[in-house]
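Just below is one structure, and these are the notes that go with it.
Read the figures in this text as sums done on the coordinates, not as results from a lab. All values reported here derive from a predicted model rather than from experimental measurement. Positions of Cβ are generated from backbone atoms using ideal geometry, with glycine treated the same way; all protein chains shown enter the neighbour counts.
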Amino acid sequence: MRRVAITGMGAICALGKNVAEFAQALAEGRPGIGPIESADVSQIRFQNGAEVKGYTHAPYFDDRRADFIDRFAQFAVIAAREAIADAGIQWTPDLRESAAIVTGSCVGGQSTEDIGFHEVYKLGHNRVHPLTIPKTMANAGASHISMEFGITGPSFTLSTACSSAAHAIGQAFWMVRSGATGLAIAGGSEAPFSFGILKAWEAMRVVSPDTCRPFSKDRHGMILGEGGAMLVLEPLEAAQARGARIHAEIVGLGMSADAGHITQPSAEGAARAIRAALRDAHLAPEAIGYINAHGTGTPANDPTETAAIRAVFGAHAGRLAISSTKSMHGHALGASAALECLATALALRDGLLPPTANYREPDPQCDLDVIPNVARAARVEYALSNSFAFGGLNAVLALRAV
Amino acid sequence: MSDELIQRVMKAIATTKRIPVESVTIDSNFLELGIDSMDAVEILFALENEFDINIPDEEVRSVRGIRQMCEGVERLVLAKSAAAKVPE
C-alpha cells in the first residue's frame, strides 16, 4: 500500500482567512472567540461564537455565483482553492478525471433553509426561494469544488456530526493509500450561525456563556465555530517525484461507534477508535507524542476523553502532550476535524504544539498535560487527531512528521 | 400589454440574473440572455413576488422568451383582478 502525503492545505475560520493566519493564531494561543455578529442573538442565552469576522463573499465570488452557494459551501471552496494552489497541482485531463473530493459537513446549508422556513412559517409567505434546496444540500461544498476545478472523479460528502471531516479525510486517505485515486481533496466546512440553529444548540445546554475552556475545571461548555479546511492528499512517492512540498503524512484512520447513548460520550467507544487508528498505522501507543483532542470543553467530553486516553496509553498518557484547539477556533461541527487535522499537521511540520487556550484551573478528572495557554516547541514524530461525535460515531486520524 | 408591466418583468429578470436591465429587451429570448433552467425558476419566484400571483407549472413549460413571459404574467394578473371582483 502507498504512503500518503499532505501536499496542500487551506483554511478559513475564526483564526484567519488562510493557513498562515491560522498557524499564527495557534502559535500565539490567541482565540478567535467573541460576540456573535452574523446572527441576532438578543433572544439567545449565549452570546459568543467563533465566527469568520467580517466575512463577505465579495473577495471570493461574484454576486451571481454567490447567490447559488451557502456560506458553508463558500468556505469549502475558499479552503480548497488555497489547498490546491499550495499543492501546486498541474491539472491534466487524466488527473481531473481521477481526482477525488470528500467533504464533511454536519448541518450543511441549514442557515439558508432556516431563512426559507421563516418566510413560510413565521411571515406567512406562500413560497420559499427556489435555490433553497441546492444551497442547503450538505454535498454542495464538494459539488462546487468539483465545478470550479473541473474535477470529475469520485466525489461525495459524509455527515457524522462533529466527526464529519475526520471520516471524510480518513476515506480520502484510504482511497489514496489503496490506489483508488491518485489525488484527493478532503476536509470539511460549516456555517451554523443562524437563529434557528442557535436556538437548537441553546436547548441542548452545552454552549458556554463565556468561552471554551477545555480540560479546565471551570469549563462551561463548547463555543460554536464556523469555517472550512481542506487538504490535498497524494501518494508520497509521486509527491516527492514531482518535487512537491510535503507538510506531513497521514498514516492511519480508526473508526468506531459507541452504540450507547445518542449524546453522552463513551470512553470505551473513544478508546476503540484510538486503538483502531494505531492499528491501522502499525504504531505502538508509545510512538505517539501529541494528540489534538476532541476537547469540546463540555463537562461530559473532557473527562471521558481523558479516561479513553488513559485506557489506551497507560503510563505513556503522562508523557503525551494533548491540546484542544477548539479553545481557539471553536467547535465548527463538521469542519472541526479538518481544522484540527490541519493544526496537527502544522504542529508536526513546524515543531510547535498548539496550546489549550483559556485554561485556568486543573481538573483531577482531566489530569493530562494539556499544554495550557502557551504553545510548546517540541519535535514530535507521530500525532493523533481525535473526533468523537454526537451519535457516538468516532474517527481518529494518525499523522507522521516528514 | 402595458409598458409598466413589461418594465417590471424585465427588472425582475435583470435583478435576479444580476445583469444590466438595458441588456433585457421585449424580444430577448432566454438563450441569448444565458438564462438556464435554474435561473428561470428563480425568475418565476421573483415574478410571483413582484405581481403577487401564482404561476402554475403548465403556464411556463413553453415559455422561451421575454415577450411570452410578459404575456403570461399579464394573463395571470388579469385573472387575479377578475377573480377579486367576483364577490361584488
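See the values below:
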| read-out | value |
| --- | --- |
| Förster radius 51 Å - calculated FRET efficiency between B:MET38 and A:HIS282 (Cβ-Cβ, nearest 0.05) | 0.55 |
| Three-way shape call for the stretch A:251-400 based on the alpha-carbon gyration tensor, with the a/c threshold at 1.5 | rounded |
| Rounded, prolate or oblate (a/c below 1.5 giving rounded, otherwise prolate when a/b exceeds b/c) for the stretch A:331-402 by Cα gyration tensor | oblate |
| Neighbour net charge for A:THR152 - beta-carbon separation under 14 angstrom, K R +1, D E -1 | -2 |
| Euclidean distance of C-alpha centroids, the stretch A:107-185 and the stretch A:341-402, integer Å | 27 |
| Separation between Cα centres of the stretch B:30-82 and the stretch A:192-254, rounded to whole Å | 45 |
| Efficiency of FRET between A:ARG319 and A:ARG30 - r from beta-carbon atoms, R0 41 angstrom, step 0.05 | 0.90 |
| Chain B: most fluctuating residue of B:GLU59, B:GLU50, B:GLU22 per GNM, C-alpha cutoff 10 Å | B:GLU22 |
| Selected from A:ILE89, A:VAL4, A:THR157, residue furthest toward positive end of dipole (chain A; charges at beta carbon) | A:VAL4 |
| Charge context of A:GLU249, other residues only, Cβ under 14 angstrom, K/R +1, D/E -1 | +2 |
| Gain upon complete extension [A:ALA20, A:ALA180; 0.36 nm per residue less C-alpha separation] | 54.5 nm |
| Qualifying trypsin sites (Lys or Arg not before Pro) for the stretch A:1-59 [loop in DSSP, other Cβ within 10 Å: at most 14] | A:ARG2, A:ARG45, A:LYS53 |
| Long-range tail of P(r) for the stretch A:32-161 (Cα pairs > 26 Å, %) | 32 |
| Label-point separation, A:HIS125 to A:LYS199 (7 Å along Cα→Cβ), nm | 1.7 |
| For the protein assembly as shown, alpha-carbon Rg and Dmax in angstrom | 25.2, 88 |
| Where labels lie 7 Å past Cα in the beta-carbon direction, separation of A:GLN240 and A:ILE115 in nm | 4.9 |
| Pairwise FRET efficiency - A:ARG360 versus B:ARG64, Cβ, R0 = 60 Å, nearest 0.05 | 0.35 |
| Cα centroid separation - the stretch A:300-315 against the stretch A:48-68, whole Å | 39 |
| Global geometry of the stretch A:83-132, whether rounded, prolate or oblate, following the gyration tensor of its Cα atoms and the 1.5 cut on a/c | prolate |
| Positive-end residue of A:TYR382, A:ALA335, A:HIS294, charge dipole of the stretch A:275-402 with Cβ unit charges | A:TYR382 |
| Charge sum, other residues only, whose C-beta stays under 9 Å from A:ALA321's C-beta, Lys/Arg counted +1 and Asp/Glu -1 | +1 |
